[in-house]
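Notes follow the structure.
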Amino acid sequence: MELHKKRILIVGGYGLVGTNIARLIRKEYESIKLILAGRNPQNGEVLAKELTNAETAYLNLEDGFELSLYGALDLIIIAVEDYKNILRETAVSNGIACITITELAEDISPTVFLSLHQTFSAPVVLAAHWQAGIITLAAKQLAARFSEITSVETAGLYDELDPVGPLVASQVDSFVGRALMRQNGNWQFVDAKENARTIRLTDYSSITGYPMSTLDVPSIAAFTNAKNIRFDFVTGKSIGSKNGLAASHDLYIDIEGVLLSGEKTKLRAVISDPKGVSHLTAVGVFLITEGIFGLGGQSAPQQGGIYLPETIVSTANIMSRLEEFDLHITEESFN
């Protein structure tokens with residue numbers, strides 16, 4: 001692959017999430033051209049100089065999106081809200097791969113229906129999972145240990161001391177609302193506040209979480225067929241803060257079922273990013289970017305279409321891969 005010819009447009013490219021994405025790509029792939037776009041491109045000039053082989057560009061979705069202004073593109077990473085789907089539909093129409101990270105489960109139908117009417121010649125990755133799919137990728141590797149899974153309960157703990165950009169800040173207040181869950185095999189939208197869950201943390205304290213319609217729920221259902229699946233959003237003191245360090249972002253995965261050995265068990269994995277929520281999201285996007293281009297030992301998809309993080313990123317050894325980004329992972333089992 002001629003990486004020196006690859007060009008990636010990161011919309012929101014100098015925000016906290018976009019900055020982390022750009023730095024991760026640049027650390028591993030110096031020859032990929034990065035275009036950091038947003039409404040105030042001057043705010044990204046220092047970052048562009050730091051990265052090298054990068055530039056800033058003006059882009060205000062309220063004014064529309066003129067693709068020709070940004071040159072030939074191989075991938076558009078959408079790290080902003082795009083309520084009109086301008087960026088994704090432009091990517092589809094022009095055979096450009098794209099990654100979206102901001103939609104809830106009930107928001108993806110326009111893209112799904114578009115894929116049934118129009119041929120996608122490049123991958124369109126729906127990555128509005130929590131942290132762009134980290135939970136789902138890890139859950140898929142863990143699920144391979146089971147012959148039968150009855151329940152998968154996941155959660156993301158957000159520490160208010162964790163600095164976030166305007167993208168995440170604008171979303172937090174809307175996280176607890178109407179949520180998609182699977183209960184006893186039934187798919188249902190529920191009132192999050194009426195379906196709270198008590199979650200045991202790593203220090204054995206408890207905290208209340210509220211269900212949220214991330215794409216993790218239908219994704220995990222697709223490869224586990226578990227009858228009970230939920231993702232909960234939690235606000236509280238993170239592992240990092242409790243240890244007197246910077247706020248971390250912590251992910252909890254609890255899988256209950258029967259192991260391949262025939263033993264019934266409940267397996268817990270905790271993934272903690274000491275660099276916080278924006279960095280963890282960027283790790284997810286980075287892994288998907290590698291999957292699209294066939295980097296990092298992966299094979300590039302042979303055709304366009306709709307993809308999910310777990311269908312474009314290899315999960316066989318995803319836990320050890322995540323540790324390469326300085327994520328802390330612990331596991332424990334309860335019989």
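Which one of these does Gln298 not meet: (1) touching a Ser or Thr at 6+ places or on another chain (Cβ under 6 Å); (2) assigned to a loop (DSSP other than H, G, I, E, B); (3) in the same structural domain as Leu157 (by TED's automatic domain parsing)?
(3)
Scan the range 62-78 residue by residue and report those that are more than 16 Å from Ile25 (Cβ to Cβ), in contact with a strand residue (DSSP E or B) (Cβ under 8 Å, 6 or more places away or on another chain) and not in a loop (DSSP other than H, G, I, E, B). Quick ask: steps written out before the conclusion?
Residues of the range 62-78 that are more than 16 Å from Ile25 (Cβ to Cβ), as a first pass: 62-72.
Right, trim to in contact with a strand residue (DSSP E or B) (Cβ under 8 Å, 6 or more places away or on another chain) and you get 69-72.
Scanning the range 62-78 gives Leu69, Tyr70.
Just a yes or no: is a residue in the range 304-319 touching a Ser or Thr at 6+ places or on another chain (Cβ under 9 Å), among the aliphatic types (A, V, I, L, M) and surrounded by 18 or more Cβ atoms within 10 Å (Cβ to Cβ)?
yes
If Leu104 satisfies all but one of (1) buried (at least 23 other Cβ atoms within 10 Å of the Cβ); (2) in contact with a strand residue (DSSP E or B) (Cβ under 9 Å, 6 or more places away or on another chain), what's the number of the condition it fails?
Every condition holds for Leu104 apart from (1).
For the range 79-98, which residues satisfy the criterion of being at negative phi and assigned to a loop (DSSP other than H, G, I, E, B)? I'd like the intermediate steps shown before the answer.
As a first pass, look at the range 79-98 and keep what is at negative phi: 79-84, 86-94, 96-98.
Scanning the range 79-98 gives Ala79, Val80, Glu81, Asp82, Tyr83, Lys84, Asn94, Ile96.
So, in the range 212-253, how many residues would count as being in contact (Cβ under 8 Å) with a residue 24 or more places away in the chain and farther than 13 Å from Arg182 by Cα?
Keep residues of the range 212-253 that are in contact (Cβ under 8 Å) with a residue 24 or more places away in the chain, which gives 212-221, 223-242, 245-253.
After this cut, where a residue has to be farther than 13 Å from Arg182 by Cα as well, the list is 223, 233-242, 245-253.
Of the residues in that region, 20 qualify.
Just to check your reading of the model, which residue among Ser174, Ser205 is farther than 18 Å from Ile255 by Cα, modelled with pLDDT under 95 and among the polar types (S, T, N, Q)? Steps first, answer last, please.
Working: Ser205 fails: modelled with pLDDT under 95.
Residue meeting the stated conditions: Ser174.
Can you name every residue in the range 82-122 that is within 26 Å of Arg7 (Cβ to Cβ) and among the small types (Gly, Ala, Ser)?
Result: Ala91, Ser93, Gly95, Ala97, Ser115, Ser121, Ala122.
Restricting attention to the range 14-68, report how many residues are in contact with a Pro (Cβ under 9 Å, 6 or more places away or on another chain), closer than 25 Å to Gln131 by Cβ and aromatic (Phe, Trp, Tyr).
Looking only at that region, the number is 1.
I'd like to check something: does the range 113-124 contain any residue that is part of a strand (DSSP E or B) and crowded, with 21+ Cβ neighbours inside 10 Å?
Taking every residue of the range 113-124 in turn, at least one turns out to be part of a strand (DSSP E or B) and crowded, with 21+ Cβ neighbours inside 10 Å.
Residues in the range 320-333 that are touching a strand residue (DSSP E or B) at 6+ places or on another chain (Cβ under 8 Å), surrounded by 19 or more Cβ atoms within 10 Å (Cβ to Cβ) and assigned to a helix (DSSP H, G or I): how many?
Residues meeting the conditions: 1.
Out of the range 209-257, which residues are surrounded by fewer than 22 Cβ atoms within 10 Å (Cβ to Cβ), more than 18 Å from the chain's Cα centre (by Cα), in a strand (DSSP E or B) and not hydroxyl-bearing (Ser, Thr, Tyr)?
Scanning the range 209-257 gives Asn228, Asp254, Glu256, Gly257.
Confirm whether Val152 is at pLDDT below 95, of a type in the set (Val, Ile, Thr) and in the same structural domain as Leu215 (by TED's automatic domain parsing). Before the answer, list the steps.
Details: at pLDDT below 95: no; of a type in the set (Val, Ile, Thr): yes; in the same structural domain as Leu215 (by TED's automatic domain parsing): yes.
Answer is no for this residue.
Does the range 278-297 contain at least one residue that is farther than 21 Å from Ile10 by Cβ and of a type in the set (A, V, I, L, M)?
Of all residues in the range 278-297, those farther than 21 Å from Ile10 by Cβ come to 297.
Then drop every residue that is not of a type in the set (A, V, I, L, M), which leaves none.
Within the range 278-297, not a single residue is farther than 21 Å from Ile10 by Cβ and of a type in the set (A, V, I, L, M).
Across the range 99-134, what is the number of residues that are within 25 Å of Ser278 (Cβ to Cβ) and of a type in the set (Ser, Thr, Tyr)?
Looking only at that region, the number is 3.
Kindly evaluate Val258 against the criterion of being of a type outside the set (Lys, Arg), in contact with a strand residue (DSSP E or B) (Cβ under 8 Å, 6 or more places away or on another chain) and farther than 16 Å from Glu160 by Cα. Give the steps one after another, and end with the answer.
On the way: of a type outside the set (Lys, Arg): yes; in contact with a strand residue (DSSP E or B) (Cβ under 8 Å, 6 or more places away or on another chain): yes; farther than 16 Å from Glu160 by Cα: yes.
So Val258 passes the test.
For the range 258-275, which residues satisfy the criterion of being in a loop (DSSP other than H, G, I, E, B) and aliphatic (A, V, I, L, M)?
Listed by number, the list holds a single entry, Leu260.
Run down Glu66, Glu45, Glu62, Glu55 and say which single residue is within 24 Å of Phe293 (Cα to Cα), among the acidic types (Asp, Glu) and in the same structural domain as Leu287 (by TED's automatic domain parsing).
Working: Glu66 fails: within 24 Å of Phe293 (Cα to Cα); Glu45 fails: within 24 Å of Phe293 (Cα to Cα); Glu62 fails: within 24 Å of Phe293 (Cα to Cα).
Answer to the selection: Glu55.
The values are calculated or read from the model by the stated rules, or taken from the named source; none is laboratory data. What you see is a predicted model, and the numbers here were worked out from it, not measured in a lab. All Cβ positions, even for glycine, are placed from backbone atoms using ideal geometry, and neighbour counts span all protein chains on display.
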